1. Give me the residue from the stretch 26-70 that is under 20 Å from residue 16 (Cα atoms) and among the charged types (D, E, K, R) and, out of that set, farthest from the ligand (Cβ to nearest atom).
2. Checking the structure you have, find out if any residue of the stretch 78-85 is over 25 Å from residue 20 (Cα atoms), more than 7 Å from the ligand (Cβ to nearest atom) and small (Gly, Ala, Ser).
3. Could you tell me whether any residue of the stretch 61-68 is acidic (Asp, Glu), free of Cβ contacts under 8 Å to residues at least 12 places away in the same chain and exposed (fewer than 15 other Cβ atoms within 10 Å of the Cβ)?
4. Does any residue in the stretch 70-87 that is closer than 18 Å to residue 52 by Cβ come within less than 7 Å, Cβ to Cβ, of a residue that is among the small types (Gly, Ala, Ser) six or more places away or on a different chain, and which pairs are these?
5. Based on what the data block shows, is residue 14 within 13 Å of the ligand (Cβ to nearest atom), assigned to a helix (DSSP H, G or I) and surrounded by fewer than 16 Cβ atoms within 10 Å (Cβ to Cβ)?
6. For the stretch 69-81, give me the residue count where each residue is buried (at least 20 other Cβ atoms within 10 Å of the Cβ) and either in a loop (DSSP other than H, G, I, E, B) or out of contact with any helix residue (DSSP H, G or I) (no Cβ under 6 Å at 6 or more places or on another chain) (or both).
7. Residues 86, 48: which one is modelled with pLDDT under 95 and either part of a helix (DSSP H, G or I) or of a type in the set (Val, Ile, Thr) (or both)?
8. Suppose we keep only residues that are in contact (Cβ under 8 Å) with a residue 12 or more places away in the chain and among the small types (Gly, Ala, Ser) within the stretch 33-51. Which one would you say is surrounded by the fewest Cβ atoms within 10 Å (Cβ to Cβ)?
Amino acid sequence: MSNAPELLMKLQHAIQDTDEGAPCEGRDLLFFPEGHESVVKMAILEAKAICRRCPFLQLCGQYALAADEPYGIWAGMTYEERRAIKRG
Ligand code: SF4
């Protein structure tokens, strides 16, 4: 059984415990990009750079992998990259 709900709760609590929140908050255009391929590629690169500096990177990645999140950039990973990690 997936521990995704527990990891999500941990992630949410960790984020709530800070004054700043998560760096991706309110930035859906970068983290859930849509539109022309070149626009999506640029957004993904920018989102990945933000994730690399995020204090919640490890926990976020654990959650996204456990939940098999189908959309968006989580912990600097696209869905395809998350799938590749899960496949090993
Ligand atoms: S690692 Fe990226 S997606 Fe995860 S909380 Fe941080 S900024 Fe958001």
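The values are calculated or read from the model by the stated rules, or taken from the named source; none is laboratory data. Worth saying up front: this structure is predicted, and the values here are computed from it rather than measured. Backbone-built Cβ (ideal geometry, glycine too); neighbour counts: all protein chains shown.
1. Checking each candidate, the answer is 28.
2. yes
3. Restricting attention to the stretch 61-68, the residues satisfying the condition of being acidic (Asp, Glu) are 68.
Pick out the ones that are also free of Cβ contacts under 8 Å to residues at least 12 places away in the same chain and you get none.
Among the residues of the stretch 61-68, not one is acidic (Asp, Glu), free of Cβ contacts under 8 Å to residues at least 12 places away in the same chain and exposed (fewer than 15 other Cβ atoms within 10 Å of the Cβ), which makes the answer no.
4. Close Cβ pairs (under 7 Å, with a partner that is among the small types (Gly, Ala, Ser)) amount to 73/47; 74/61; 74/64; 75/61; 75/64; 77/61; 77/64; 82/64.
5. Values: within 13 Å of the ligand (Cβ to nearest atom): yes; assigned to a helix (DSSP H, G or I): yes; surrounded by fewer than 16 Cβ atoms within 10 Å (Cβ to Cβ): yes.
Yes.
6. The first filter runs over the stretch 69-81 and keeps only residues buried (at least 20 other Cβ atoms within 10 Å of the Cβ), leaving 73-75, 77.
Cutting the leftovers down to either in a loop (DSSP other than H, G, I, E, B) or out of contact with any helix residue (DSSP H, G or I) (no Cβ under 6 Å at 6 or more places or on another chain) (or both) gives us 73, 75, 77.
Qualifying residue count for the region: 3.
7. 86
8. Filtering the stretch 33-51 down to residues in contact (Cβ under 8 Å) with a residue 12 or more places away in the chain leaves 33, 43-44, 46-48, 50-51.
From the residues that got through so far, the ones that are among the small types (Gly, Ala, Ser) too are 43, 47.
Details: 43: 20, 47: 24.
Residue satisfying both the conditions and the ranking: 43.
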